[in-house]
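A.B. asks: Got a structure for you, written out below as structure tokens; questions coming shortly.
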Amino acid sequence: MTDRYAVFGNPIAHSLSPKIHAFFAKDTGEELSYEPILVPEGRFKETAREFFCDGKGCNVTVPCKLDAYDFADILTPYAEAAGAVNTLKKLENGRIEGDNTDGRGLTADLKRLGVKLDGAKILVMGAGGAARGIIRPLLDESVALVTVVNRTFEKAKKLAEHFGVQACSYEDLSANYNVIINATSTSLNGTLPPLADEILSKASFAYDLMYKPNGETTFTKKALEKGCTKVADGFGMLIMQAALSFELWRGVKPDVTKAISYFRAC
Ligand code: ATR
């Protein structure tokens, strides 16, 4: 029987994951199926239990990442740090392992883009689930400094304390960062976090976790306008986190560069 994989979420019809995993499977010669599964509100556990009768693994997206965290029998350190799960895998012994590949997807993409992380001073904007998922993998890269800045300062403080990093308010930030990461939801609705222009102009790289078909978000556009030399949206991260899930399930590394070029051209 063909090994079965899926992505869980609500809504789920728009998800690119089935196409990405079909591309990886074809490219690596792995035989598998991968389907979108709509999770009815409040029914994650039942839906996942049924899937894992024969399913081997799944990705989990909005709004089910916390449910997947609770569902997993064991968690990887990345899932524990993120407090959320985006990948579930059925182990040989039948137990379900929960991982989170989002943050490692980001660091892999930053490296692909040639961003020097060793010794870098990094500003993370936002203190929600997206920000929480990326801090531990950034700290694994021997960066010099991570500062969390958030509109609601109390949330930045709580998150920063959890990871032993610095918290700041937008008003008190100094222009001292090499890499600025937008982990707020602002690019979803075309708005911007209240970051001073000077901070953008002094940075060498700006990254938005959100992505757009043309590769340009409101934040990457503003960063370029203010003199930040290099920018990227989160499309590479999307492919990278998918590739890490694929590798976890199949033990095979897909060609991410090929996948990024292919899907960017679609
Ligand atoms: P996600 O799971 O994508 O991280 P979230 O948990 O809702 O989503 O978090 C959204 C983040 O974007 C929060 O840090 C939010 O700031 P607040 O904690 O102050 O709400 C941030 N955000 C959203 N709109 C913003 C805006 N206009 N300016 C600055 N930050 C914004």
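A.B. asks: Could you list, in sequence order, the residues of segment 113-139 that are in a strand (DSSP E or B) and within 15 Å of the ligand (Cβ to nearest atom)?
C.D. replies: L123, V124, M125
A.B. asks: Turning to a different aspect of this structure: Would you pick out the residues in segment 116-173 that are aromatic (F, W, Y) and over 20 Å from L200 (Cβ atoms)?
C.D. replies: The answer is F153, F163.
A.B. asks: Mind listing just one residue for me: the one in segment 202-242 that is crowded, with 22+ Cβ neighbours inside 10 Å and of a type outside the set (A, V, I, L, M, F, W, C) and, of those, farthest from the ligand (Cβ to nearest atom)?
C.D. replies: Filtering segment 202-242 for residues that are crowded, with 22+ Cβ neighbours inside 10 Å and of a type outside the set (A, V, I, L, M, F, W, C), the one farthest from the ligand (Cβ to nearest atom) comes out as G236.
A.B. asks: What about G128, is it within 27 Å of C228 (Cα to Cα), surrounded by fewer than 15 Cβ atoms within 10 Å (Cβ to Cβ) and under 13 Å from the mean Cα position of the chain (by Cα)? Even if it seems obvious, please write down each step before you answer.
C.D. replies: Numbers: within 27 Å of C228 (Cα to Cα): yes; surrounded by fewer than 15 Cβ atoms within 10 Å (Cβ to Cβ): yes; under 13 Å from the mean Cα position of the chain (by Cα): yes.
So G128 passes the test.
A.B. asks: Taking segment 249-266 as the search range and keeping residues that are in a loop (DSSP other than H, G, I, E, B) and under 23 Å from C58 (Cα atoms), which one is most open to solvent (accessible area, probe 1.4 Å)?
C.D. replies: If we take residues in segment 249-266 being in a loop (DSSP other than H, G, I, E, B) and under 23 Å from C58 (Cα atoms), then K253 is most open to solvent (accessible area, probe 1.4 Å).
A.B. asks: Can you tell me which residue among L110, L66, L91 is more than 16 Å from the ligand (Cβ to nearest atom) and farther than 24 Å from S142 by Cβ?
C.D. replies: L91
A.B. asks: Still on this model: Just the residues that are at pLDDT 95 or above, among the hydrophobic types (A, V, I, L, M, F, W, C) and away from the ligand (no atom under 11 Å from the Cβ), please, taken from segment 156-190.
C.D. replies: Listed by number, the residues that qualify are A160, F163, V165, A167, C168, L173, V179, I180, I181.
A.B. asks: Related question: For segment 68-108, which residues satisfy the criterion of being free of Cβ contacts under 8 Å to residues at least 40 places away in the same chain, open to solvent by 40 Å² or more (accessible area, probe 1.4 Å) and over 18 Å from E50 (Cα atoms)?
C.D. replies: I74, L75, E80
A.B. asks: Evaluate segment 167-190: report whether one residue or more is part of a loop (DSSP other than H, G, I, E, B), crowded, with 16+ Cβ neighbours inside 10 Å and among the polar types (S, T, N, Q).
C.D. replies: Yes, segment 167-190 has at least one match.
A.B. asks: Just to verify a result, which residue in segment 191-201, among those that are within 8 Å of the ligand (Cβ to nearest atom) and in contact (Cβ under 8 Å) with a residue 40 or more places away in the chain, is surrounded by the fewest Cβ atoms within 10 Å (Cβ to Cβ)? So that I can check it myself, show each step before the final result.
C.D. replies: In the first step, residues of segment 191-201 are kept if they are within 8 Å of the ligand (Cβ to nearest atom); the result is 191-194.
This time we only want the ones that are in contact (Cβ under 8 Å) with a residue 40 or more places away in the chain, so: 193-194.
On the way: P193: 20, P194: 12.
Only one residue fits best here, namely P194.
A.B. asks: Among the residues of segment 140-152, which ones are surrounded by 15 or more Cβ atoms within 10 Å (Cβ to Cβ) and either at pLDDT below 95 or assigned to a loop (DSSP other than H, G, I, E, B) (or both)?
C.D. replies: Hits for segment 140-152 are D140, E141, V143, N150, R151.
A.B. asks: Can I ask one more? From K155, K56, K121, K111, grab the single residue that is surrounded by fewer than 20 Cβ atoms within 10 Å (Cβ to Cβ) and free of Cβ contacts under 8 Å to residues at least 24 places away in the same chain.
C.D. replies: Going through K155, K56, K121, K111 in turn, just one is surrounded by fewer than 20 Cβ atoms within 10 Å (Cβ to Cβ) and free of Cβ contacts under 8 Å to residues at least 24 places away in the same chain: K111.
The values are calculated or read from the model by the stated rules, or taken from the named source; none is laboratory data. Every value quoted in this text rests on a predicted model; they were computed, and no experiment measured them. Heads up, the Cβs are rebuilt from the backbone with ideal geometry, glycines too, and the neighbour counts pull from every protein chain shown. Heads up: the accessible areas ignore ligands, DNA and RNA and are worked out on the full protein's heavy atoms, side chains in. Shrake-Rupley method; radii C 1.70, N 1.55, O 1.52, S 1.80 Å.
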